[in-house]
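The values are calculated or read from the model by the stated rules, or taken from the named source; none is laboratory data. In this text, all values refer to a predicted model and were calculated from it rather than measured experimentally. Cβ sites come from the backbone with ideal geometry, for glycine too, and all protein chains shown count toward neighbours. Heavy atoms of the whole protein, side chains included, go into the accessibility calculation; ligands, DNA and RNA do not. Shrake-Rupley method; radii C 1.70, N 1.55, O 1.52, S 1.80 Å.
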Amino acid sequence: MSHREVLLPALPPPPAPPRPYTWSRFIGSVSMGVWLAVVVGLFLMIVNGWDPEKFARYGPSYLTGLRTTLVLVAISILAGAVLSFPIAFARMSKSRILSSLAYAYVYFFRGTPMIMQLFLIYYGLGSFRPQLESIGLWWFFREAWNCALLTFTLNTAAYQAEILRGAIGSVGRGQHEAASSLGLSTLVSFFKIIMPQAMIVALRPYGNEIILMIKGSAIVAIVTVFDLMGETRRAFSRTFDYQMYLWAAILYLILVELLRNLWVLLENRLTRHLKR
Amino acid sequence: MSGMITAVSSLLATLGAVLDPLCGHFGLFTWLASDTLLACGDTGWGDEIAGGVWITATLALATLPVGLMIGFCIALAKQSDEPSLRRAANIYTTIFRGLPELLTLFIVYYGLQILAQRFLASLGYTGAVEINTFFAGMIALGVVFSAYCSEVLTSAFQAIPRGQYEAGDALGLPRRRTMRLIILPQLIRIALPGLGNLWMALLKDTALVSVIGLPDILRQTQVAARVTKQAFGFFTLSCALFLVLAMLSSILFSALERRSKRAEATR
């Protein structure tokens, strides 16, 4: 009877089996190839059609357009946030009349396209010029910029009111009860206990709303406000160069992606106490 | 055979003319607004606006299957084990969720036009090419819809436990039948509320196609408002029409949701 005198040395693990060439791998390679081709094609298109004169003439106007878009969105989001508080409270109030009024407001602004609301305010109210002049508001509704600002504010207020209502509703009943058992006044318990918890729930929807507003604000180009889209359309109507739209697409994509990643960072930072 | 088809189509056309909810024999405008600006026929704008409603509704309905189909494929790609497939699908959603719908519409419309022109030029045709605006609108809205739809479907896929697939394997069903018989029914049930929201967004986005000249509700209202100088009334009417469409679809979706939940135990 024989036996081993020494232990066998540890063998290396067997090689991994070759990755099978599946259908999904094929389709994946093809679709990555298509994206690559699209990127290369667009790059070549931009390089071949590159015109320094065009860039010098329209490049700066794209940047002012971008600034216009950002200013428009920033003002309307902030004004909408202020306006959304009374709407959300009216929606949550026990009074039938108040809550149904707020519901009707929210339903109207969420149920109709923003472009139609813009036309209703810009062209529709614009047809009441004598009446508006007599009450001294014509200077406001004469400018497309003001009308766009008003429309966006009213629109985003409706959406933000829903976000706020959902967020406040998501804070548990026990929190209200705990606050009142501590003898805190309604105001203090709302601002110190309810709001901080509600805002964490509302953070992500608010980010989505800002992105939706940036995208939605492109429609002001139709009522002659020269935001990024408006400048693009103006440049296209002068040059008939398809690239003009591609530049705008790249700018919008960068803007939205930056904002989205910024929001992820912000959310991670603000909810770090909830992580385990 | 062709005679029968003509007969059927003319019958349908007559039926449609009678039952048209706005301008038919029992239509709203026919009964309530026959002597006003909204009268049907040559004297008023009723029939133009009714046509606009028809275009808006058919555009949204025609876009839905396109968007759902592409969205489902993209969602499947996101589920895949293959990294390149997942990456390609993520690029798609990033692009089409990040671009404004209006810009997507212009890019698709002019891009298709340029592509068609180049293609025909290579075949030797050098005339001007016009892309059908309905088709361009359908593609652009369908692409945007599919990007959002894939997100909704992906989260619905993640809500289905692994055991369901394993149960399908244990029964000896092929992958395709597992998908059709086990996964899809549950997927629809989970994804229905999200898809309802997307349908509302799609309905509202159809208003944008008026910019490339498709005679939808908004376009017809604009023309009517410009001619009659009654902008406020006409735009209010078009908002009301959109609200009616939104209400109809929310009724339809809540019925669908109730129906999809009828198998669940009531407690």
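Pairs only if they're at least six apart or on different chains, beta carbon under 8 angstrom, first in segment A:126-142 and within 14 Å of chain B (Cβ to nearest Cβ), second polar (S, T, N, Q) and open to solvent by 90 Å² or more (accessible area, probe 1.4 Å); list them, first residue then second.
If the second residue must be polar (S, T, N, Q) and open to solvent by 90 Å² or more (accessible area, probe 1.4 Å), the pairs left are A:127/B:230.
Here is a list: B:101, B:151. Which entry is touching a Leu at 6+ places or on another chain (Cβ under 7 Å) and either under 19 Å from residue A:250 (Cα atoms) or within 14 Å of chain A (Cβ to nearest Cβ) (or both)? Break it down stepwise before answering.
Values: B:151 fails: touching a Leu at 6+ places or on another chain (Cβ under 7 Å).
Just one listed residue meets the conditions, B:101.
Conditions: (1) open to solvent by 10 Å² or more (accessible area, probe 1.4 Å); (2) in contact (Cβ under 8 Å) with a residue 40 or more places away in the chain. Residue A:156 meets all but one. Number of the miss?
(1)
Could you please find all residues in segment A:229-276 being under 22 Å from the mean Cα position of the chain (by Cα), at pLDDT below 90 and among the aromatic types (Phe, Trp, Tyr)?
If the condition is that a residue be under 22 Å from the mean Cα position of the chain (by Cα), at pLDDT below 90 and among the aromatic types (Phe, Trp, Tyr), then A:245, A:247 are the ones that fit.
Can you confirm whether residue A:169 is surrounded by 15 or more Cβ atoms within 10 Å (Cβ to Cβ), of a type outside the set (D, E, K, R) and farther than 16 Å from residue A:219 by Cβ?
So residue A:169 fails the test.
Residue A:209 is checked against (1) charged (D, E, K, R); (2) out of contact with any Phe, Trp or Tyr (no Cβ under 8 Å at 6 or more places or on another chain); (3) modelled with pLDDT of 90 or more and fails just one. What number does that condition carry?
(2)
From the list A:169, A:207, which residue is under 29 Å from residue B:144 (Cα atoms), assigned to a helix (DSSP H, G or I) and small (Gly, Ala, Ser)?
A:207
For residue B:266, state whether it is of a type in the set (Val, Ile, Thr) and either modelled with pLDDT under 90 or open to solvent by less than 10 Å² (accessible area, probe 1.4 Å) (or both).
Judged against the criteria, residue B:266 is a match.
Hey, which of the helices (runs of 4 or more DSSP H) in segment B:175-267, taking only ones fully inside, have at least 2 residues that are within 14 Å of another protein chain (Cβ to nearest Cβ) and more than 17 Å from residue A:110 (Cα to Cα)?
Values: elements: B:175-178, B:184-205, B:217-228, B:231-260.
In segment B:175-267, B:175-178, B:217-228, B:231-260 are the helices (runs of 4 or more DSSP H) which contain 2 or more residues that are within 14 Å of another protein chain (Cβ to nearest Cβ) and more than 17 Å from residue A:110 (Cα to Cα).
List pairs: first residue in segment A:49-76 and under 16 Å from residue A:246 (Cβ atoms), second residue among the polar types (S, T, N, Q) anywhere in the structure, Cβ distance under 8 angstrom, at least six positions apart or on different chains.
A:49/A:243; A:54/A:239; A:58/A:239; A:62/A:232; A:65/A:232
Since residue A:183 meets every condition but one in (1) open to solvent by 40 Å² or more (accessible area, probe 1.4 Å); (2) at pLDDT 90 or above; (3) in a helix (DSSP H, G or I); (4) more than 30 Å from residue A:120 (Cα to Cα), which condition does it not meet?
Checking residue A:183 against (1) open to solvent by 40 Å² or more (accessible area, probe 1.4 Å); (2) at pLDDT 90 or above; (3) in a helix (DSSP H, G or I); (4) more than 30 Å from residue A:120 (Cα to Cα), the one that fails is (3).
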